[in-house]
Amino acid sequence: MLKFIIGRLIEMVPVLIGISILVFFFIHLIPGDPAAIIAGDFATPESIADIRSNLGLDEPLPVQYFRYMGRLLRGDMGRSIHTSNPIAQELLQRLPASIELAVSAMLIAILIGIPAGIVSAMRRSSILDTLTMTGALIGVSVPIYVLGLVAVWFFAVQLRILPPGSRIGPDIELQNITGFFVLDSILTRNWNALVDVLKHLVIPAVVLCTVPMAIIARITRSSLLEVFSQDYVRTARGKGLSETRVVIRHALKNGMLPVITIIGLQFGVILSGAVLTETIFSWPGIGRWVYEAIQKRDYPIVQGMTLFIGFVFVMSSLIVDAFYTWLDPRVRYD
Amino acid sequence: MRPRIHIWAFLVPILVLAGLIACAGTPAQVTQPTQAPASTAAAVEPTQVTATSEPSSSTGENKGGGTFIFARAGDAITLDPSQTKENESETRVVQMFEGLVSVKPGTTELVPGLAKDWQVSEDGKTWTFHLREGVKFHDGTPFNADAVKFNFDRMRLSDNPYHIGEFNVWKNMMGGFPGVMSDVKVIDEYTVEFTLEQAMGPFLAYLAGPAFLLSSPTAIQADPENYFKNPVGTGPYKFVEWVQGDRVVMERFDDYWGEAPAFDRAIIRVIPDSTARFLELKAGTIHAMDDPNPDDIELAKSDSDLQVLLRDYWPVGTINVDHTIKPLDDVRVRWAIAHAIDREGLMPLYNGMAIPGNQAQTPASWAYNPDLAPIEYNPEKAKQLLADAGYPDGFEMDFWYMPVARPYYPKPAEIAQKMAADLAAVGIKVNLKTEDWGAYMNDRAGKFPMWMFGGWASVMDPSWLIYVYYGNKTAQEGNYDNAEVRDLMNKAQYSVDQEERAKLYQQAAKLTYDDMARIPVVFARAGAILANAKVKGFPTSVLRQERIATARFEE
């Protein structure tokens, strides 16, 4: 197992290098010049050229690339063109917000999606199944932007039971220890803050969870249905086991393999791609940060973050693969 | 053995979630009873939570109290005034800092700030400022001539130990380091004298700008590298906390020399999405917001809980032409274009946020020339002018439109199409083209024959816009070549008498109008703020630098 993990980690290197090359050259293909954006609407060509050379953007691309990778190997992700802040520092500052949101959303998606899928599979073609699967279809189809704004309008503006955005109320004091507000408020026994933080999490997490939840429910259902048709399930039923026991003890374990894969992938997706959710809910996470960086042609942030996101995906698929061995004893990585 | 573990693996998270839901559910009900009228609910709620959680470090005196929350689309880059170069940072620093000169809120008028008065020598090169006495920085450091000298030496001398960073605005306005300011002398504790290499018309206006607001020398000396996130000024609000990407929290400064602000706390939040900002305003979690959607302005007008605060006309939108390209070198052709555009017809695209323009300064500026006639929409006259110029059948030309929205061209593509149709009606067939904004900015110098452009002064001085336009002959400004206009611009640039300068600018406006040097299209509002109806005393600023100090709630 250890050998497998080390092997996978080594395989990661060429993947990440590939990503870095693609991103580096692609982002420079997009028209637009960060120097012109920084210089503003009244810039002279000279001042733009001046900024460009200060940023090292006037050098040939391959030179810029190797400079960048050289610094990266020394652990330096560079500085934002726009704010001049070190990127690693900003990443660490924003990452907890995104992780907290992604974990909450995933938790909801799993805890509702899997049972919904199971129930659908057990009561195939029933009204319950139809309702669940229609719900899942709506979940993947409704644009997050619309869903998010409607949810805010309903719960925050009309009912006023939940806050419309941000991670914490502006007047709540919370000592920042880990950057994970739920954890920080528990650690400092600041229950008022905990309540406030959880309230702020509800709408964004529910909105963000819709797509993964729908996908998880559908995959759980179809995967279980496939398992149900297998001999060992028929045997279990033949033994006279209750249907619940057949599903939970026998079918679920095999049926979960594709679901775990999807969960891993979806986690990567919502961790890195919660751009809309983070924007609508003024969530100071990495999705919104990268989106704004792309708009401002803040190359170092986009490069650094694409690599980081690549890393997240490779890691989540590694964890998924590792899970397989635990779930399915026949799978062995030697 | 294993299956049991698996069941637990599913059960445990379910229990956790149940707990989460329970936690998130009950408190909502606990806090619910505290709210009475719906519109004030959210404002009341957080304050109550603070009161029960941790003792707030703010003052015990009650001068009205409460928190004012203003939402903007973006976060500050720096809270060090000397390093500000864009509007988001400016909006934050003007709450906490003051300069020698101030802008009277709600106007474009310069008034005394930390200097109570000043004199300028006959040649305009020596400025003496008499400082207000008894002013303190938030950290207790006394404000005096030494503090002023410290700030200006830090900005202007690149070998000053605290000159860390770009000081971009100083560089642009003062022309480098030290640039035009050759000396700063402390005459006595409350008198300071600036020596300039040459007279500078906009000097006072520059001093009123965010980049020239004054910082506590003690705070800068204590940690120069991190001063940008630990700002200390003399303003009505002092810095508490900056959560990057989320909010800047400030609280009332009790030793403020002027009138104490009404609120205990002022918070500027970042809410990037304009619809989300509007919903937060509706929910009562913020009290004012910048940059609303045009549709939301209409909604707010008909909502008794909200009010619309319109900024004055300040940005100017024009069609620029390259004066070296035929037939645009002919003044009759330029006037033909001017007469061909139906400005009133464009107004529906602006949702009430613009009026037709006729020069490069709006009526809000003291350099505006009120004697110039509106440019008439007259296709017949345009055709006649084209015929006179030798183009009875018109001509064909590329017309570049902006890829980005600006207040003066909020829907550039639609506005361009409308103008193209107007031009076609008099025989000028234009091919609409666009490209990325960065490229556009470069290519207007030489590549474009005719293009949409505009701008606004980012300081309270007309030179900031029109000196750029007409002070020199440059390709990016269309190679307009009129020595008389240049002469007027330069005179105004070096005069320190505002009345004289106004006359010079108005003369220049007349000349550029007759030349139709660039074709004025609109005067646009500098934007709008939506606020809760109970907010009073929150005057708008054409520079988008609203100060919270005078704001209060009135039910």
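So that you can scan it fast, the table gives a plain yes or no per residue for (1) of a type in the set (Asp, Glu); (2) in a loop (DSSP other than H, G, I, E, B); (3) open to solvent by 10 Å² or more (accessible area, probe 1.4 Å); (4) closer than 19 Å to B:Trp314 by Cβ:
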| residue | (1), (2), (3), (4) |
| --- | --- |
| B:Lys473 | no, yes, yes, no |
| B:Asp487 | yes, no, yes, no |
| B:Tyr505 | no, no, no, yes |
| B:Phe523 | no, no, no, yes |
| B:Gln545 | no, yes, yes, yes |
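Could you identify the single residue in A:Ile270, A:Ile309, A:Ile301, A:Ile294 that is part of a helix (DSSP H, G or I) and touching a Cys at 6+ places or on another chain (Cβ under 9 Å)?
Numbers: A:Ile309 fails: touching a Cys at 6+ places or on another chain (Cβ under 9 Å); A:Ile301 fails: touching a Cys at 6+ places or on another chain (Cβ under 9 Å); A:Ile294 fails: touching a Cys at 6+ places or on another chain (Cβ under 9 Å).
None of the other options fit; the residue is A:Ile270.
Filter the stretch B:440-460 down to the residues that are outside any loop (DSSP other than H, G, I, E, B), facing chain A (nearest Cβ under 9 Å) and in contact with a helix residue (DSSP H, G or I) (Cβ under 8 Å, 6 or more places away or on another chain) and list them by number.
Within the stretch B:440-460, the first condition is being outside any loop (DSSP other than H, G, I, E, B), and the residues that meet it are B:440-443, B:450-455.
With facing chain A (nearest Cβ under 9 Å) added as a condition, the list becomes B:440-442, B:453-455.
B:Met441, B:Asn442, B:Gly455 - these are the residues of the stretch B:440-460 that are outside any loop (DSSP other than H, G, I, E, B), facing chain A (nearest Cβ under 9 Å) and in contact with a helix residue (DSSP H, G or I) (Cβ under 8 Å, 6 or more places away or on another chain).
I'm told B:Phe177 meets every condition in (1) in a strand (DSSP E or B); (2) open to solvent by 60 Å² or more (accessible area, probe 1.4 Å); (3) among the hydrophobic types (A, V, I, L, M, F, W, C) except one. Can you identify the failing condition by its number?
B:Phe177 satisfies all of (1) in a strand (DSSP E or B); (2) open to solvent by 60 Å² or more (accessible area, probe 1.4 Å); (3) among the hydrophobic types (A, V, I, L, M, F, W, C) except (1).
So which residues in the stretch A:320-334 are in contact (Cβ under 8 Å) with a residue 12 or more places away in the chain and assigned to a loop (DSSP other than H, G, I, E, B)? I'd like the intermediate steps shown before the answer.
Just the residues of the stretch A:320-334 that are in contact (Cβ under 8 Å) with a residue 12 or more places away in the chain, to begin with: A:320-325, A:327-328, A:333-334.
Correct list: A:Asp328, A:Tyr333, A:Asp334.
May I ask you to list the residues in the stretch B:413-423 that are open to solvent by less than 50 Å² (accessible area, probe 1.4 Å) and of a type in the set (A, V, I, L, M, F, W, C)? Even if it seems obvious, please write down each step before you answer.
Here is the first cut: in the stretch B:413-423, the ones open to solvent by less than 50 Å² (accessible area, probe 1.4 Å) are B:413, B:415-416, B:419-420, B:422-423.
If the condition is that a residue be open to solvent by less than 50 Å² (accessible area, probe 1.4 Å) and of a type in the set (A, V, I, L, M, F, W, C), then B:Ala413, B:Ile415, B:Ala416, B:Met419, B:Ala420, B:Leu423 are the ones that fit.
Those residues that are among the acidic types (Asp, Glu) and buried (at least 24 other Cβ atoms within 10 Å of the Cβ), I need them from the stretch B:69-96; list them, please. Walk me through it before giving the result.
Kept after step one, since they are among the acidic types (Asp, Glu), are these residues of the stretch B:69-96: B:75, B:80, B:86, B:88, B:90.
Listed by number, the list holds a single entry, B:Asp80.
Any idea which residue in the stretch B:365-403 is farthest from B:Ile319 (Cα to Cα), counting only those that are touching a Ser or Thr at 6+ places or on another chain (Cβ under 8 Å) and in a loop (DSSP other than H, G, I, E, B)?
So the first thing to find is which residues in the stretch B:365-403 are touching a Ser or Thr at 6+ places or on another chain (Cβ under 8 Å), and the list is B:365-366, B:368, B:400-403.
Checking the rest, the ones that are also in a loop (DSSP other than H, G, I, E, B) come to B:365-366, B:368, B:401-403.
On the way: B:Ser365: 21, B:Trp366: 23, B:Tyr368: 19, B:Tyr401: 9, B:Met402: 11, B:Pro403: 15 Å.
In this case the residue turns out to be B:Trp366.
Hey, among the residues in the stretch A:169-178 that are in contact (Cβ under 8 Å) with a residue 12 or more places away in the chain and within 11 Å of chain B (Cβ to nearest Cβ), which one's surrounded by the fewest Cβ atoms within 10 Å (Cβ to Cβ)? Before you say what the answer is, go through the steps one by one.
Initial filter on the stretch A:169-178 (in contact (Cβ under 8 Å) with a residue 12 or more places away in the chain): A:169, A:172-175, A:178.
Cutting the leftovers down to within 11 Å of chain B (Cβ to nearest Cβ) gives us A:169, A:172-175.
On the way: A:Gly169: 23, A:Ile172: 22, A:Glu173: 20, A:Leu174: 20, A:Gln175: 11.
Going through the qualifying residues, I end up with A:Gln175.
Which number in (1) of a type in the set (Gly, Ala, Ser); (2) modelled with pLDDT under 95; (3) over 20 Å from B:Asp117 (Cα atoms) marks the one condition that B:Ala222 misses?
(2)
Just need a number here: residues in the stretch A:183-203 that are open to solvent by 60 Å² or more (accessible area, probe 1.4 Å) and either out of contact with any Pro (no Cβ under 9 Å at 6 or more places or on another chain) or over 21 Å from A:Trp283 (Cα atoms) (or both).
4
Limited to the stretch B:194-226, what total is found for residues that are within 14 Å of another protein chain (Cβ to nearest Cβ) and surrounded by 24 or more Cβ atoms within 10 Å (Cβ to Cβ)?
Step one: of the stretch B:194-226, the residues within 14 Å of another protein chain (Cβ to nearest Cβ) are B:211, B:225-226.
Imposing the further condition that a residue be surrounded by 24 or more Cβ atoms within 10 Å (Cβ to Cβ) reduces the set to B:211.
Result for the stretch B:194-226: 1.
Between A:Arg234, A:Arg249, which is outside any loop (DSSP other than H, G, I, E, B), among the basic types (Lys, Arg) and away from chain B (no Cβ under 14 Å)? Full working, then the answer.
Details: A:Arg249 fails: away from chain B (no Cβ under 14 Å).
The unique qualifying residue is A:Arg234.
Residues of the stretch A:59-79 being closer than 21 Å to A:Ala49 by Cβ and within 23 Å of the chain's Cα centre (by Cα), which ones?
none
Listed here are the residues, each with its yes/no results for (1) more than 20 Å from B:Leu328 (Cβ to Cβ); (2) open to solvent by 40 Å² or more (accessible area, probe 1.4 Å).
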| position | (1), (2) |
| --- | --- |
| B:Pro348 | yes, yes |
| B:Gly352 | yes, yes |
| B:Asn369 | yes, no |
| B:Ala382 | no, no |
| B:Tyr391 | no, yes |
| B:Met402 | no, no |
| B:Lys411 | yes, yes |
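Does the stretch B:532-555 include one or more residues that are of a type outside the set (Ser, Thr, Tyr), under 30 Å from B:Ile325 (Cα atoms) and either modelled with pLDDT under 95 or within 21 Å of the chain's Cα centre (by Cα) (or both)? Reasoning before the result, please.
Within the stretch B:532-555, the subset of a type outside the set (Ser, Thr, Tyr) is B:532-539, B:542-549, B:551-555.
If we keep only those that are under 30 Å from B:Ile325 (Cα atoms) as well, we get none.
No, every residue in the stretch B:532-555 fails to be of a type outside the set (Ser, Thr, Tyr), under 30 Å from B:Ile325 (Cα atoms) and either modelled with pLDDT under 95 or within 21 Å of the chain's Cα centre (by Cα) (or both).
Out of curiosity, is B:Trp464 under 25 Å from B:Pro294 (Cβ atoms) and within 14 Å of another protein chain (Cβ to nearest Cβ)? Spell out the reasoning first.
On the way: under 25 Å from B:Pro294 (Cβ atoms): no; within 14 Å of another protein chain (Cβ to nearest Cβ): yes.
No, not satisfied.
Any idea which of A:Arg123, A:Arg94, A:Arg52 is farther than 30 Å from B:Val459 by Cβ and without any contact (Cβ under 8 Å) to a residue 60 or more places away in the chain?
Working: A:Arg94 fails: without any contact (Cβ under 8 Å) to a residue 60 or more places away in the chain; A:Arg52 fails: farther than 30 Å from B:Val459 by Cβ.
Residue meeting the stated conditions: A:Arg123.
Out of curiosity, is B:Lys136 at pLDDT 90 or above and more than 27 Å from B:Asp223 (Cβ to Cβ)?
Numbers: at pLDDT 90 or above: yes; more than 27 Å from B:Asp223 (Cβ to Cβ): no.
No.
Being open to solvent by less than 30 Å² (accessible area, probe 1.4 Å), hydrophobic (A, V, I, L, M, F, W, C) and either more than 8 Å from chain A (Cβ to nearest Cβ) or under 15 Å from B:Lys238 (Cβ atoms) (or both) is the filter here; which residues of the stretch B:254-294 pass it?
Passing the criteria: B:Ala262, B:Phe263, B:Ala266, B:Ile267, B:Ile268, B:Phe278, B:Leu281, B:Ile286, B:Ala288, B:Met289.
Keeping to the stretch A:13-58, report how many residues are modelled with pLDDT of 75 or more, under 27 Å from the mean Cα position of the chain (by Cα), within 14 Å of chain B (Cβ to nearest Cβ) and open to solvent by 50 Å² or more (accessible area, probe 1.4 Å).
Total satisfying the criteria: 1.
Residue by residue, here is whether (1) within 13 Å of chain B (Cβ to nearest Cβ); (2) under 16 Å from A:Ile81 (Cβ atoms); (3) touching a residue at least 40 places away in the same chain (Cβ under 8 Å); (4) open to solvent by 40 Å² or more (accessible area, probe 1.4 Å) holds:
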residue	(1), (2), (3), (4)
A:Leu276	yes, no, yes, yes
A:Thr279	yes, no, no, no
A:Gly287	yes, no, yes, no
A:Gln295	yes, yes, no, yes
A:Asp298	yes, yes, yes, no
A:Gln303	no, yes, yes, no
A:Thr306	no, yes, yes, yes
A:Val314	no, no, yes, no
A:Leu318	no, no, yes, no
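Using the structure shown, decide if B:Phe152 is under 24 Å from B:Tyr494 (Cβ atoms), among the aromatic types (Phe, Trp, Tyr) and open to solvent by less than 30 Å² (accessible area, probe 1.4 Å). Let's see the steps before the verdict.
Working: under 24 Å from B:Tyr494 (Cβ atoms): yes; among the aromatic types (Phe, Trp, Tyr): yes; open to solvent by less than 30 Å² (accessible area, probe 1.4 Å): yes.
Yes, satisfied.
The values are calculated or read from the model by the stated rules, or taken from the named source; none is laboratory data. Since the model is a prediction, treat every value here as computed from it, not as a measurement. So basically every Cβ, Gly included, is an ideal-geometry build from the backbone, and we count neighbours across all protein chains shown. The area values use the complete protein model at the heavy-atom level, side chains included, leaving out ligands, DNA and RNA. Shrake-Rupley method; radii C 1.70, N 1.55, O 1.52, S 1.80 Å.
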